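Quick notes on the structure that follows.
Values in this text are rule-based calculations from the coordinates and carry no lab data. Computed from a predicted model, the values in this text were never measured in an experiment. As a convention, Cβ positions derive from the backbone with ideal geometry for all residues, glycine included, and neighbour counts pool all protein chains shown.
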Amino acid sequence: MNLEDYMDDINVRILRVTEDLRAIQRELNCAAMQAPNDPELMEALAELVEMEALQVLKSALDQMRHFLWFYSQVMNNESEVGEKLRETLKQRPAEDLQASSQATQLERIRYATENTMLRYLADGRNRKPN
């Protein structure tokens with residue numbers, strides 16, 4: 001697969017995921033609006049399985065938001081900070097994460113973003129005052 005096909009596949013996937021997320025939001029919004037008037041729906045929405053699924057989705061979206069922030073910093077920032085982020089992302093994952101056959105891609109991304117954030121925050125010169 002050449003680079004152009006690869007990028008096209010990523011763009012199509014991004015569009016598909018974006019539409020899926022919008023559809024999920026619309027459906028949950030409708031359910032939330034109807035739930036006060038429908039006790040059965042309210043009970044179904046409050047079930048543990050439903051809440052667990054929402055927590056998994058929230059966690060994945062939070063992680064993706066962090067990753068996209070770092071990705072945009074790396075791709076759009078030509079400063080010293082951008083270079084440090086690129087260097088950190090190039091480094092290999094920790095031995096235990098790499099050795100584990102159960103380590104998922106999400107865990108690898110999470111490790112990379114956490115590592116990058118720690119390195120970025122450790123360099124106090126580049127932090128903005130609150």
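What the table shows:
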{"item": "Verdict on Glu52 being over 22 Å from the mean Cα position of the chain (by Cα) and among the charged types (D, E, K, R)", "result": "no"}
{"item": "Residues that are within 24 Å of Thr18 (Cα to Cα) and free of Cβ contacts under 8 Å to residues at least 12 places away in the same chain, drawn from region 33-48", "result": "Met33"}
{"item": "Residues being farther than 30 Å from Tyr111 by Cβ and of a type in the set (S, T, N, Q) - total across region 6-65", "result": "3"}
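Quick grid of which residues meet (1) touching a Leu at 6+ places or on another chain (Cβ under 7 Å); (2) exposed (fewer than 12 other Cβ atoms within 10 Å of the Cβ); (3) not in a helix (DSSP H, G or I):
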site	(1), (2), (3)
Glu4	no, yes, no
Asp9	no, yes, no
Val12	no, yes, no
Asp20	no, yes, no
Leu28	no, no, no
Glu40	no, yes, no
Leu57	no, no, no
Leu68	no, yes, no
Gln73	yes, no, no
